[in-house]
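Each value in this text was obtained by applying a stated rule to the coordinates, not by laboratory testing. The structure displayed is predicted, hence computed values, not measured ones. A quick note on method: Cβ atoms are made from the backbone with ideal geometry, for glycine too, and the neighbour counts reach across all protein chains shown.
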Amino acid sequence: MSVIVHATSAPRQDAAPAKALLERIEKSLDDGKAEDIVTIGLEGKSSIADFMVIATGRSQRQVVALAERLRDELDRGRPRPSLEGLPQGDWVLIDAGDVIVHLFRPEVRAYYNLEKMWGADSPDGAAEQSEPLRA
């Protein structure tokens, strides 16, 4: 007779409630002068997180500074968040558990257009319309 063991991940310890975490992230980005901050609720769209935050830094240096500032803010009392793309500073992804943060340079953000992919409004508040395909 064989025994089947189902592996489950352990619950995250010391995880801040998603809404409180989101507010800390938005405040840190605003204090760091991030531009075009957009928050997307992921409930019903994805199980990876509760919220996604997308923001722009004017230069590579500002994107890196915003990411480091946010990392330091989130380090207080919690495990260190995962950061990807920090050395390049074009697009930094921060996995803070219940909130995923994307920090972009303006050109990179326009190219990837995550807001459109996730069905959110563009940073200027107007939903973008795609061009119809022509035969």
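Would you tally the residues in segment 34-82 being of a type in the set (Asp, Glu), closer than 14 Å to Ile100 by Cα and free of Cβ contacts under 8 Å to residues at least 40 places away in the same chain?
First, the residues of segment 34-82 that are of a type in the set (Asp, Glu): 35-36, 43, 50, 68, 72-73, 75.
Remaining after also requiring closer than 14 Å to Ile100 by Cα: 43, 50.
Next cut, free of Cβ contacts under 8 Å to residues at least 40 places away in the same chain only: 43.
The qualifying residues number 1.
Is there any pair with a first residue in segment 83-97 that is without any contact (Cβ under 8 Å) to a residue 12 or more places away in the chain and a second that is among the small types (Gly, Ala, Ser) and crowded, with 18+ Cβ neighbours inside 10 Å whose Cβ atoms are under 7 Å apart and which are 6 or more apart or on different chains, and what are they?
Leu93/Gly85
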